[in-house]
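FYI, it's all coordinate maths here, none of it is from the lab. Fair warning: this is a prediction, and the values are worked out from it, not measured in the lab. With ideal geometry, Cβ positions are generated from the backbone for all residues, glycine too; neighbour counts draw on all protein chains shown.
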Amino acid sequence: MKSQIKKIENYVPEEPIESVKARLGLKKLVRLSANENPFGTSPKVKEAILNWNFKEENRYPDGYASELRTKIADFIGVAPEKLVFGVGLDEIITMISRIFLEAGDEVILSKPTFSEYALHAQIEGAKVIEIPCLPETGHYDFAEFLKQITDKTKIIWVCNPNNPTGTYEDLKTLKSFFDKVPDNILILLDEAYIHYVTKVKNASFLSELANYKNVMLLRTFSKAYGLANYRVGYAVMNEELANYMQAIRLPYNLNSLAQLAAIAALEDQDFVNNSVEKTRIERDNWERFFEENQIRYYVSQANFIFFNYPAANKLADKLLERGYQIRRGLLKDWLRITIGSEKDGANLRSIILENKIQYNYETASNSDTMDKKQLLSMMR
Ligand SMILES: *Cc1c(COP(=O)(O)O)cnc(C)c1O
């Protein structure tokens with residue numbers, strides 16, 4: 001066994017909803033911990049699946065995902081050869097790490113960010129350099145990224161909007177950073193949540209991609225498209241890199257139903273726009289709530305929001321008792337809530353208020369997790 005494997009902590013996947021309910025004796029559970037689309041999936045997907053030719057179950061799927069490839073390439077305006085598909089972005093992240101990293105290499109990423117980047121770097125024996133986000137705003141500290149580049153740096157991960165902070169870096173900021181990164185370093189730009197950016201019109205780096213040969217852009221159908229169960233993600237890159245990726249990709253990674261579902265979802269942009277609009281309205285409600293109650297949070301352009309709460313675990317337990325599962329454990333005393341329906345949002349906010357008295361910032365010296373000085377220094 002590779003020695004680094006022994007040091008790796010097991011990734012704990014989301015426990016199935018029915019099993020959480022049974023374990024805690026809950027009648028209902030709303031899962032707002034995995035950033036799935038709480039508004040479901042386009043009904044066109046079910047229709048496409050039911051119309052599938054079930055005579056083909058004994059045949060291997062189209063290993064090149066030709067139809068899906070052509071449709072996405074047309075839709076985003078790139079050559080089809082620039083796309084590589086994965087069983088979710090999870091597989092793409094694995095492939096990239098497998099191809100580009102060896103023991104002793106260095107990977108730079110922000111903290112906190114999506115945990116899979118560091119996990120796969122560790123599996124390959126690479127060293128992970130974590131750059132804390134700017135504490136006031138949650139944005140990337142790109143100046144520090146540049147300082148940490150050495151001749152061992154192979155990969156830089158940029159998640160935009162970033163999970164879990166929700167922060168969005170604009171194109172100008174990204175370009176000015178990318179221009180300073182030596183072009184033998186691969187930059188991975190994960191746009192899993194790009195659909196949820198509403199403050200600018202053209203939020204994606206796609207329009208700039210052709211000018212940056214060392215940038216690879218990552219997209220998924222798991223979030224705004226509501227297809228997390230089907231496992232479809234893809235990367236856009238220059239053709240030379242794409243050839244390397246294709247060489248190690250498992251030949252039949254995407255099954256036919258996954259390909260069919262993604263095509264149907266892509267063709268229903270109304271569903272995506274609708275989900276984004278509902279999310280935007282509810283995201284505004286959350287931000288107003290946090291402002292009014294002086295709860296520290298980062299301004300989000302994603303379908304989740306990250307906020308600071310003393311005794312975060314206690315609050316998460318309280319919410320769970322009331323049927324709401326949210327994400328903890330990403331950063332001490334911070335919680336992440338996937339933005340759901342307005343009704344669930346209103347419910348959650350009133351439960352937080354009920355419990356707020358206990359965790360009043362001014363009187364929180366009895367907090368079990370933080371001393372008062374630390375606490376006050378975190379207030380806006
Ligand atoms: C959810 C998520 C992904 C992975 O999604 P897949 O379901 O594997 O496509 C990738 N990156 C980020 C930042 C995510 O939050």
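Of all DSSP beta bridges confined to the chain, the antiparallel ones make up roughly 40%.
Summing Cβ point charges (Lys, Arg +1; Asp, Glu -1) relative to the Cα centre of the chain gives a dipole of roughly 800 debye.
Charged neighbours of ASN347, selected by a Cβ distance under 14 Å, balance to 0 (K, R count +1; D, E count -1).
The base-10 log of I(q)/I(0) for the chain, evaluated at q = 0.07, 0.09, 0.13 Å⁻¹, reads -0.33, -0.55, -1.17 [Debye formula, identical scatterers on Cα atoms, solvent excluded]. Looking at the P(r) of the stretch 43-268, how many percent of alpha-carbon pairs lie beyond 27 Å? I get 33 percent for the Cα pairs in the stretch 43-268 exceeding 27 Å. Each Lys and Arg adds +1 at its Cβ and each Asp and Glu adds -1 at its Cβ; summed about the Cα centre, the stretch 43-268 shows a dipole of about 280 debye. Considering only ALA192, GLN4, ILE149, whose Cα is most displaced toward the positive end of the charge dipole of the chain, charges sitting on Cβ of Lys, Arg (+1) and Asp, Glu (-1)? Of the options given, the answer is GLN4. Report summary: the helix-based calculation at 222 nm, which adds -39500 (n - 2.57) for every DSSP H run with n ≥ 4 and divides by the residues of the chain, gives -11000 deg cm²/dmol. Among the listed pairs LYS21/LYS318; LYS147/LYS180; LYS172/LYS278; LYS111/LYS332; LYS82/LYS127; LYS2/LYS127, those whose Cα-Cα separation exceeds 20 Å are LYS172/LYS278; LYS82/LYS127.
Rounded to the nearest 20, the Cβ-based charge dipole of the stretch 134-187 about its Cα centre (Lys and Arg +1, Asp and Glu -1) stands at 160 debye.
Each residue of the stretch 77-85 was assigned a 3J(HN,Hα) from its phi angle through the Karplus expression (A = 6.51, B = -1.76, C = 1.60, θ = phi - 60°), giving x, 10, 5, x, 5, 7, 9, 10, 9 Hz with x at Gly and Pro. Proximity of backbone amide H atoms, modeled 1.01 Å from N, is registered between ARG231 and no other residue at under 5 Å, excluding neighbours fewer than 5 places apart on the same chain.
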